[in-house]
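The values are calculated or read from the model by the stated rules, or taken from the named source; none is laboratory data. These numbers come from a predicted model, not from an experiment. Quick reminder, even Gly has a Cβ in these numbers, built from the backbone with ideal geometry, and neighbours come from all protein chains shown.
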Amino acid sequence: MSFFRRSVIASVATLFVLAACSQQEPPPPEGYLSVEAMREDLRALYGGLESGHFDLFANKTRAEYDAVYDATYASITDPMTPDEAQILFQTFAAFGDVAHARIDFPVSIWMEYVGEGGLAFPLYPRFSEGRFFIGEDYSGSDLVSEGDEIVAINGVSIADWLERVGRHLSADTDYLLETQLEFSWPVYLWLETGPVDTFELEVRRHGEGVIETVTLPALTRLDMQANQASAAADEESPLREARMLSDRVAYLKPGPFYNAEDPENLWNTDAYLTFVDEGFESFIEAGADALIVDVRNNPGGDAAFSDPIAAWFAGEPFRFASELYVRSSPEAEAANAARLDPDDTDSVNAIYAEKFAETPYGEVFEVEFPEVQPREEQQFEGNVYVLVDRHSYSNAVTFAAMVQDYGFGTIIGEETADLATTYGAMESFTLPNSGVSVGFPKAYIIRPNGDVTVRGVVPDIAIPAPIVLGEGDVVLDAALALVEGR
């Protein structure tokens, strides 16, 4: 039974039309989608994914997809709210295990729930090879502490919980799934259990020794905020930074590879490029002979933001991919046309538009982007280190892979969960009745060295990230010590 509030659904009325006896669905309650509208959206979802996705059946066979489609179709027997529909469709989109084929969770229902005093799980995980360690503790209880391992919740093993909550999330690997859940575990646990007052936990202290069973109360958001002083709270840090860490080592934190400061102009690079250029000029003036580019916790964005960084230290022309293939489809062409300026003739969108126009739907074309040239003027001549972690995503991973593959620098930190060769260049289409937005990858992007292994960027030098973050930035401290030692 869904935990969402549902209005009482009217009993099915039998209608007789023209002497033929047929049973029709009554009008749904206000704010609900009818069964037929839901099923129509499901058909549109499956059809749109099959049409637009570069390879919908890369990880699951058509027969497997058909079986899930049939089961989902059969499960739609009552009207649903748009939010309920979005959650149902989210699991279907996630079935293919491709991160860029996804439907986002309707966060508004979670915010409404906790805003009204709803109870939630007060712990956030830090996963390590499928093991759930407490990374952040907002319980205010002395029964658990950060670093403890949770073996089971309410009698269900963490492995089984990962399977249950994991069906909602699009992820190519278990590592990527677990990484996403580090920010959203309480939400998806609530989605599976509904509101509960307490949680019975099987706990192994700091990952060792005997397993103990404890009962932890679910808490409101206000309760957890009150307990935050005893938890590992994130310190506010600048979105972007360019400074010297020592007399020799410069530090560049470029922040998101999009214009986060002005959401109305997400891809405007003017202020960002000034920040990057002034940063490098200051590093050279200060006599820096090494640079750490920090793309940890970076959501990615566009190469127009990352390429100018590489141009400051690149030793040769470069591209972010060795090969990039795109599947032509009405969904991808329409999404590209929606953002194409009529006067635009030479941008990436214009290149795509020309290719779509000449390639029949369902066929694949290759896109060869021009090489990016190193700066002709002043360049940074010191050693470059790119610091990554499991929460480096999308273009941040592409940037790190490019630096590694061309030999422009050394990658340090933690292996990325997002992939270096990936189904990407995500577009979206909208379902006709629920209005749900469906993301899909139109392209297959192969990293510069041609390696198609399903894996993230593996650092040249590993710097393990701690389970418990604690105070300060121990990873950056370790990175600085490493660089100064070299």
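Looking at E278, is it modelled with pLDDT under 95 and in a helix (DSSP H, G or I)? Working first, answer last.
On the way: modelled with pLDDT under 95: no; in a helix (DSSP H, G or I): yes.
No, not satisfied.
In the range 284-331, how many are among the aromatic types (F, W, Y) and either within 18 Å of A271 (Cβ to Cβ) or free of Cβ contacts under 8 Å to residues at least 40 places away in the same chain (or both)?
Within the range 284-331, the first condition is being among the aromatic types (F, W, Y), and the residues that meet it are 305, 312-313, 318, 320, 325.
Within this subset, residues satisfying the condition of being either within 18 Å of A271 (Cβ to Cβ) or free of Cβ contacts under 8 Å to residues at least 40 places away in the same chain (or both) are 305, 312.
Total meeting the criteria: 2.
In the list V364, V386, V403, which residue meets the criterion of being surrounded by fewer than 21 Cβ atoms within 10 Å (Cβ to Cβ) and in contact with a strand residue (DSSP E or B) (Cβ under 7 Å, 6 or more places away or on another chain)? Give the steps one after another, and end with the answer.
Values: V386 fails: surrounded by fewer than 21 Cβ atoms within 10 Å (Cβ to Cβ); V403 fails: surrounded by fewer than 21 Cβ atoms within 10 Å (Cβ to Cβ).
Answer to the check: V364.
If A420 satisfies all but one of (1) without any contact (Cβ under 8 Å) to a residue 40 or more places away in the chain; (2) out of contact with any helix residue (DSSP H, G or I) (no Cβ under 6 Å at 6 or more places or on another chain), what's the number of the condition it fails?
Here A420 meets the rest and fails (2).
Looking only at the range 392-418, which residues are assigned to a strand (DSSP E or B), touching a Leu at 6+ places or on another chain (Cβ under 7 Å) and either of a type in the set (A, V, I, L, M) or over 18 Å from L476 (Cβ atoms) (or both)?
At the first step, the residues of the range 392-418 found to be assigned to a strand (DSSP E or B) are 410-413.
From what's left, touching a Leu at 6+ places or on another chain (Cβ under 7 Å): 412-413.
Answer for the range 392-418, where residues must be assigned to a strand (DSSP E or B), touching a Leu at 6+ places or on another chain (Cβ under 7 Å) and either of a type in the set (A, V, I, L, M) or over 18 Å from L476 (Cβ atoms) (or both): just I412.
Filtering the range 363-391 down to residues that are under 27 Å from the mean Cα position of the chain (by Cα) and in a loop (DSSP other than H, G, I, E, B), which residue is modelled with the lowest pLDDT?
F369
Please go through the range 188-210 and give me each residue that is at negative phi, surrounded by fewer than 13 Cβ atoms within 10 Å (Cβ to Cβ) and over 28 Å from the mean Cα position of the chain (by Cα), ordered by number.
Restricting attention to the range 188-210, the residues satisfying the condition of being at negative phi are 188-193, 195-205, 208, 210.
If we keep only those that are surrounded by fewer than 13 Cβ atoms within 10 Å (Cβ to Cβ) as well, we get 195, 197-198, 208, 210.
Matches in the range 188-210: D197, T198, E208, V210.
Of all residues in the range 45-103 being in a loop (DSSP other than H, G, I, E, B) and acidic (D, E), which is nearest to T416 (Cα to Cα)?
First, pick out the residues of the range 45-103 that are in a loop (DSSP other than H, G, I, E, B): 53-61, 76-79, 81, 95-101, 103.
Add one more test, that the residue is acidic (D, E), and what stays is 55, 78, 97.
Working: D55: 23, D78: 42, D97: 17 Å.
Only one residue fits best here, namely D97.
Scan the range 469-486 for residues that are crowded, with 17+ Cβ neighbours inside 10 Å and assigned to a loop (DSSP other than H, G, I, E, B) and jot them down.
Answer for the range 469-486, where residues must be crowded, with 17+ Cβ neighbours inside 10 Å and assigned to a loop (DSSP other than H, G, I, E, B): just L469.
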